[in-house]
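Reviewing the structure listed below.
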Amino acid sequence: MRLNEHRRLFRYDSWANRETAGSVVRADPAPPAATRRLAHIVGAERLWLSRLHGEKSPMAVWPDLSGQECQREAESLSAAWQTYLDELSELGLGRLVSYVNSKGEPWKSSVDDVLTHVGMHSAYHRGQIASDLRAAGFEPPYTDFIHAVRQGFVR
């Protein structure tokens, strides 16, 4: 994927995370599974961003956060991802990142693959959250990519 495509993907990801977090916060009471999955999106995105910077993540991959805490963290992550992508070059997409996964296994992945994974991983869990909300009688947010583009939320 080209750098501009990643930037677009992360604009979508930020918007969709905000929409999802807002729905979880407005649900009263929010399904515990929805809040847990939202916290995982936040924790996993923070973990991958930390790995890209060669740092240890400041939070667990499955953190215990409230909906409001997730909402605040999603906003912080949005700005952090934008800064990271603004400073990244096309050539930087091929850089290999060394890390140890949650099973203790050492791996190397390209920045390109990490960025693609983050966007897909978060979308997967947002779909689960939508199901959790619907099953509990709440209307989930409409976070389809094409909807975001058609409505001008992502350019």
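If the requirement is being within 17 Å of Ala74 (Cα to Cα) and in contact with a Pro (Cβ under 9 Å, 6 or more places away or on another chain), which of these qualifies: Arg126, Arg134?
Values: Arg134 fails: within 17 Å of Ala74 (Cα to Cα).
The unique qualifying residue is Arg126.
Among the residues of region 18-48, count how many are closer than 17 Å to Ser131 by Cβ and crowded, with 17+ Cβ neighbours inside 10 Å.
The total comes to 16.
Scanning region 120-155 for residues that are in a helix (DSSP H, G or I) and touching a Phe, Trp or Tyr at 6+ places or on another chain (Cβ under 7 Å), which turns out surrounded by the most Cβ atoms within 10 Å (Cβ to Cβ)?
Within region 120-155, the subset in a helix (DSSP H, G or I) is 120-135, 145-150.
From the residues that got through so far, the ones that are touching a Phe, Trp or Tyr at 6+ places or on another chain (Cβ under 7 Å) too are 145, 148.
On the way: Phe145: 17, Ala148: 19.
Ranking the qualifying residues of region 120-155, first place goes to Ala148.
State yes or no: is Trp15 under 17 Å from Ala130 (Cβ atoms), buried (at least 16 other Cβ atoms within 10 Å of the Cβ) and aromatic (Phe, Trp, Tyr)?
Working: under 17 Å from Ala130 (Cβ atoms): yes; buried (at least 16 other Cβ atoms within 10 Å of the Cβ): yes; aromatic (Phe, Trp, Tyr): yes.
It is true that Trp15 is under 17 Å from Ala130 (Cβ atoms), buried (at least 16 other Cβ atoms within 10 Å of the Cβ) and aromatic (Phe, Trp, Tyr).
Would you check which residues across region 49-100 are of a type outside the set (Phe, Trp, Tyr), surrounded by fewer than 16 Cβ atoms within 10 Å (Cβ to Cβ) and over 20 Å from Val111 (Cβ atoms) and list them?
Of everything in region 49-100, those that are of a type outside the set (Phe, Trp, Tyr), surrounded by fewer than 16 Cβ atoms within 10 Å (Cβ to Cβ) and over 20 Å from Val111 (Cβ atoms) turn out to be Pro58, Ala60, Asp64, Ser66, Gln68, Arg72, Glu75, Ser76.
Pairs needed: first member in region 138-155, of a type in the set (Gly, Ala, Ser); second member anywhere, in a loop (DSSP other than H, G, I, E, B); C-beta distance under 6 Å; at least 6 residues apart or different chains.
What qualifies is Ala148/Val154.
Could you run through region 100-123 and say how many residues are at pLDDT below 95 and closer than 14 Å to Gly54 by Cβ?
Here the count works out to 1.
Only residues in region 97-115 that are in contact (Cβ under 8 Å) with a residue 60 or more places away in the chain count as the first member; pair them with residues that are assigned to a helix (DSSP H, G or I) and surrounded by fewer than 16 Cβ atoms within 10 Å (Cβ to Cβ), Cβ under 7 angstrom, at least 6 apart or cross-chain, and list the lot.
Filtered contacts from region 97-115: Asp112/Gly94.
Taking region 31-66 on its own, how many of its residues are without any contact (Cβ under 8 Å) to a residue 60 or more places away in the chain, charged (D, E, K, R) and assigned to a helix (DSSP H, G or I)?
Total satisfying the criteria: 2.
The values are calculated or read from the model by the stated rules, or taken from the named source; none is laboratory data. These figures come from a predicted structure and were not determined experimentally. Using ideal geometry, Cβ is built from the backbone for each residue, glycine included, and neighbour counts are taken over all protein chains shown.
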